[in-house]
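Coordinate-derived values only; no laboratory data. What you see is a predicted model, and the numbers here were worked out from it, not measured in a lab. Glycine gets a Cβ as well: all are built from the backbone with ideal geometry, and neighbour counts include every protein chain shown.
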Amino acid sequence: MAQVHVERTIAASPERVFDWLLDPANLTVSPVFRKAVWAEDSSGPGVGATREVTGYGFWAHEQITAYDAPRSYSYLAVRSFPASQHKGGTLTCTPSGDGTHVDWVSGYTLPARGGGKVIEVLTAPLIRSLTFRAILAGCAKALES
């Protein structure tokens with residue numbers, strides 16, 4: 001299993017950071033995401049809500065599985081291309097001085113027919129830098145300015 005873990009402290013309140021990170025449209029600050037929206041039949045933020053994320057060469061439908069605003073939310077990719085087994089992701093927002101410490105963890109496995117462990121080793125650093133770190137940097141830029 002590949003695990004991606006990033007942390008960053010952002011100079012904004014937990015409420016603002018949480019709301020920004022939950023909004024699918026903001027995920028497109030990542031250079032690999034082209035579009036991210038709440039699914040048409042989704043109720044919006046909260047348990048059961050579904051985000052549709054499209055990127056260069058992939059797409060995923062992520063369902064919110066736990067929601068404790070403004071502290072944390074968890075999600076699970078319930079469908080994706082290329083296929084993977086998402087083990088879930090959690091973002092936790094903790095007050096830290098005048099800001100918010102964000103801790104983001106996600107795990108996944110890839111089937112052997114898709115390259116399995118070899119591709120996991122190659123993709124984890126890319127996901128860490130081009131998605132998670134890029135999104136947290138975009139959050140900081142939007143909320144700290």
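Could you work out the percent of alpha carbon pairs in the chain separated by over 21 Å, rounded to a whole number? Tail of P(r) above 21 Å: 40 percent of Cα pairs.
Under 16 Å from a label point set 7 Å out along the Cα-to-Cβ vector of A69, the amide N atoms of the range 1-34 belong to 13-26.
Between S96 and H101, the built amide H atoms are under 5 Å apart, and every one of these is 5 or more places off in sequence or on another chain.
For the range 9-44 and the range 63-101, write down the distance between their C-alpha centroids in whole Å. Result: 11 Å between the Cα centres.
Can you give the calculated 222 nm mean residue ellipticity of the chain, where each DSSP H run of n ≥ 4 adds -39,500 (n - 2.57) and the sum is split over every residue, rounded to the nearest 500 deg cm²/dmol?
Working: 3 runs with 31 residues, N = 145.
Result for the chain, helices only: -6500 deg cm²/dmol.
Can you put L126, L76, L21 in order of Cβ neighbours within 10 angstrom, beginning with the fewest? Present the calculation step by step, with values, prior to reporting the outcome.
Numbers: L126 11, L76 16, L21 21.
Ordered from fewest to most neighbouring Cβ atoms within 10 Å, L126, L76, L21 come out as L126, L76, L21.
Spin-label model, D103 to S43: label points 7 Å out along the Cα-to-beta-carbon direction sit 2.9 nm apart. Taking all Cα pairs closer than 8 Å and separated by 6 or more residues, the relative contact order of the range 2-144 comes to 31 percent.
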